1. Do you know which residues across region 10-65 are assigned to a loop (DSSP other than H, G, I, E, B), of a type in the set (Gly, Ala, Ser) and under 27 Å from the mean Cα position of the chain (by Cα)?
2. Those residues that are away from the ligand (no atom under 16 Å from the Cβ) and touching a Cys at 6+ places or on another chain (Cβ under 8 Å), I need them from region 302-341; list them, please.
3. Over 29 Å from Ala143 (Cβ atoms) and either within 22 Å of the chain's Cα centre (by Cα) or part of a loop (DSSP other than H, G, I, E, B) (or both): does that describe Ala283?
4. Could you tell me whether any residue of region 50-58 is within 16 Å of the ligand (Cβ to nearest atom), in contact with a Lys or Arg (Cβ under 7 Å, 6 or more places away or on another chain) and touching a residue at least 60 places away in the same chain (Cβ under 8 Å)?
5. So is Arg217 surrounded by fewer than 16 Cβ atoms within 10 Å (Cβ to Cβ) and either away from the ligand (no atom under 16 Å from the Cβ) or assigned to a loop (DSSP other than H, G, I, E, B) (or both) or not?
6. From the list Val183, Val174, exactly one residue is assigned to a loop (DSSP other than H, G, I, E, B), within 16 Å of the ligand (Cβ to nearest atom) and touching a residue at least 24 places away in the same chain (Cβ under 8 Å). Which is it?
7. Residues in region 262-274: is at least one within 15 Å of the ligand (Cβ to nearest atom), over 17 Å from Ser86 (Cβ atoms) and in contact (Cβ under 8 Å) with a residue 60 or more places away in the chain?
8. Out of everything in region 269-281 that is hydrophobic (A, V, I, L, M, F, W, C) and in contact with a strand residue (DSSP E or B) (Cβ under 8 Å, 6 or more places away or on another chain), what residue ends up being nearest to Arg90 (Cα to Cα)?
Amino acid sequence: MFNERFYGLGSTRSVIRELFEYGKKRKAEIGEDKVFDFSLGNPSIEPPKSVNKSIIDLVSNVSPTSLHGYTSAQGDVGVRETIARSINERFSVGINKDLIYMTCGAAASLTISLGALINSGEKVLALAPYFPEYKVFSETAGAKFEVVKPLDDMTIDFDDLSSKIDKSVKAIIVNSPNNPSGVVYSKEIIEKLCDILRAKSKELGTRIFIICDEPYREITYGEEVPYLMNYYDDTVVCYSYSKSLSLPGERIGYIAINPKMQDSEKLYLAVCGAGRAYGYVCAPSLFQFVAKENVSQKALVAEYKENRDVLCDALSKLGYEFAKPDGAFYLFVKSPSGDGEEFSKRALKHELLIVAGTGFGVKTHARISYCVSKQQILNSIPAFTALMDEYKA
Ligand code: PLP
């Protein structure tokens, strides 16, 4: 009677949410500080002070009917101009406001971009490990979804990638810094990826678009994150302020289309059409203006870096294996048994909530979100020790 696919999606929680809900219940049973919840990617640091200040200034000084009214469907013109200017200052790509579309965060940016690009039956590739919602978003756009394996260091297995590109491949989603591995793809990796995509497009007579999912661009610990538009013409950037300004609940981000793309204006119109069809017009107006005012704010990453260092040091001393993350706030740890599901289940006995890698396309690993207090990390070390001792016994 109802839409079967959506009923299926709505009635099964994601593994991450499942674990988070379990954690809430468990905390009520045994106490908040006895449960080490590393399940969610909810920023643990406050937004920069300037964010609060601009909210207060806007609410105090701008007429409410204008501040809370509809903007253009694609976003306020001044906001888009400011974002275009900021992108050009940082990456010299020559973008203008008419290639920027304001959205409700990266999830909406991805949904709209996929909707704009995909014709039914075309294929979307994701590079494992990948954000699980990519499959949902791609299939909603009518795409077939296929996963490219990673190498042991969680970078791209280019042989596997090449073998999976056929005429039906329309887009590939690239996420760096990566959720769940924290890996940042280097300039060399990006160049090789783009070379392969160009060569394959030429050989097959097709166009393959890169959808660059960038909610963690600002959360890095020293590594440069190459800006894909400067490497590959057919690039669409899906950006979000959720993590950079610690505003995930406010739902604000944008889509930026590479001005060097052939028919970029046409794709922009398809983006406007997809936004309209999905009901994603006029992203939250107050937060469009907040984004404008804070366009050059840097994310406050010092705390995440400290957490990363404390956790990586402690876990590697205990014998856990992982690729050291250069960005985002996740650590993707190899299960000592080689089975991520078993690892995550066994961790629960020690009140450690870590997410099995299966949903991210890597069955051997589990994800630890370290966007938590440093104290939680320190308190959890005896539990990680006891867990490893079990494997060694
Ligand atoms: N993409 C990745 C890789 C993410 O980790 C997330 C959220 O955690 C999103 C997209 C969705 O972000 P937003 O909250 O901006 O919709």
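1. Of everything in region 10-65, those that are assigned to a loop (DSSP other than H, G, I, E, B), of a type in the set (Gly, Ala, Ser) and under 27 Å from the mean Cα position of the chain (by Cα) turn out to be Ser14, Ser39, Gly41, Ser44.
2. Asn307, Phe322, Lys324
3. Against the criterion (over 29 Å from Ala143 (Cβ atoms) and either within 22 Å of the chain's Cα centre (by Cα) or part of a loop (DSSP other than H, G, I, E, B) (or both)), Ala283 does not qualify.
4. Among the residues of region 50-58, not one is within 16 Å of the ligand (Cβ to nearest atom), in contact with a Lys or Arg (Cβ under 7 Å, 6 or more places away or on another chain) and touching a residue at least 60 places away in the same chain (Cβ under 8 Å), which makes the answer no.
5. The answer is no for Arg217.
6. The conditions single out Val183.
7. Checked against the condition, which is being within 15 Å of the ligand (Cβ to nearest atom), over 17 Å from Ser86 (Cβ atoms) and in contact (Cβ under 8 Å) with a residue 60 or more places away in the chain, region 262-274 yields no hits at all.
8. Of everything passing the filter in region 269-281, Val271 is nearest to Arg90 (Cα to Cα).
The values are calculated or read from the model by the stated rules, or taken from the named source; none is laboratory data. Only a predicted model underlies this, so the values are computations on that prediction, with no experimental measurement involved. Here the Cβ is made from the backbone with ideal geometry for all residues, glycine too, and neighbour counts use every protein chain on show.
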